[in-house]
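Below: the structure, in structure tokens.
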Amino acid sequence: MEGSLPEILLFGILAALGNILGGLVLFPSVIHLNFRPYLKYLLGLGAGFMLSVTLIEILPKVIVVWQKRSPDSAEELFLPMILVMAGYLLTQFVEHTIAPHFHLGEEVHHNEIISTGSAYTAVGGMIVHTFFDGVTIAAASHIDARIGLLVFLAVVLHKFPEGFTIGSMVLAAGKGRKEVLISTTLIGLTTLLGVLIFYFIGRGIDSAVTFALPVAAGVTLYVSASDLIPEVNHHSGHKVGVSLSVFAGVVLFFAAHLLLHSIAEH
């Protein structure tokens, strides 16, 4: 069953708020200092959950959708896999070519001054990333409301660290609360924009979901496997709990997966 507009809109709004709250936690500084040690655990949880959603929900749906498109040709799967790779490489290009100073989950201390250009380049790169977050939520919800919910949960788990990271970079560039709020609101609204554009325009175009879903799968695969997990490995040190948070994210996914399917059956 396809997700409804109010449901998808709520997902977009909540995801956007995650970005904004991630930036606002930097004020007052006591909250920032208390929260920062737990950021790596949240990153691990989000990595495990998003990787599970990508490999167990989104990619199988990509295959099903393309097989329905051409049931007599197994070679037809070549194109969607190219699109998955395109989504993966697009994210790589944006984060490490257009915005090379951005690293998801990086803790930027306020005394580590960076240039204003570097901070806002990171914001620009994040805008592309968060737009595809919105597209992924809407495209998955169009296929199945349950998958849309799981994708939303995967996205929202890394929204708070995103806002925290961007806000920290803006502060490190010598800016204040106003600029942090503007930057995090901008990347949050871009997620909502991705949801709305796909829902009102993409759904009306033949094969939009067919082509958008594999690209979105590539984006989420990159975020989980090449952004979040390396950050978890970097920050884990000798703390086993940080690494275990990735497995906790996988367990959380399966718990949510089973719960949603159980509810659907009744």
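Kindly evaluate Ile182 against the criterion of being under 19 Å from Gly87 (Cβ atoms) and either without any contact (Cβ under 8 Å) to a residue 24 or more places away in the chain or surrounded by 19 or more Cβ atoms within 10 Å (Cβ to Cβ) (or both). So Ile182 fails the test. Checked against the criterion of being at pLDDT 85 or above, closer than 30 Å to Tyr199 by Cβ and of a type in the set (S, T, N, Q), the candidates Thr165, Thr121, Thr136 yield just one match: Thr136. In a residue-by-residue description of the range 168-176, the property of being farther than 25 Å from Leu21 by Cα, at pLDDT below 85 and part of a loop (DSSP other than H, G, I, E, B) applies to no position.
The rows are residues; the columns are (1) small (Gly, Ala, Ser); (2) out of contact with any His (no Cβ under 9 Å at 6 or more places or on another chain).
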| residue | (1), (2) |
| --- | --- |
| Leu193 | no, yes |
| Leu196 | no, yes |
| Ile201 | no, yes |
| Ala208 | yes, no |
| Leu213 | no, no |
| Gly218 | yes, yes |
| Ala225 | yes, yes |
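Candidates in the range 86-107 are the residues that are of a type in the set (Gly, Ala, Ser) and modelled with pLDDT of 75 or more; of these, the one that is surrounded by the most Cβ atoms within 10 Å (Cβ to Cβ) is Gly87. Here Pro37 passes the criteria (1) in a helix (DSSP H, G or I); (2) at pLDDT below 90; (3) closer than 29 Å to Leu196 by Cα except the one numbered (3). For the range 137-184, give me each residue that is among the acidic types (Asp, Glu) and farther than 19 Å from Leu221 by Cα. Within the range 137-184, Asp144, Glu179 qualify. Can Leu181 be described as more than 21 Å from Ser118 (Cα to Cα) and either in a helix (DSSP H, G or I) or out of contact with any Gly (no Cβ under 6 Å at 6 or more places or on another chain) (or both)? No.
Here Ala173 clears all of (1) in contact with a helix residue (DSSP H, G or I) (Cβ under 8 Å, 6 or more places away or on another chain); (2) closer than 17 Å to Glu95 by Cα except the condition numbered (2). For the range 200-259, a residue qualifies if it is at negative phi and outside any helix (DSSP H, G or I), and the qualifying residues are Ile201, Ile205, Asp206, His238, Lys239.
The values are calculated or read from the model by the stated rules, or taken from the named source; none is laboratory data. Computed from a prediction, not measured in an experiment: that's the story for all the values here. For neighbour counting, all protein chains shown are included, and Cβ atoms are generated from backbone atoms with ideal geometry for every residue, glycine included.
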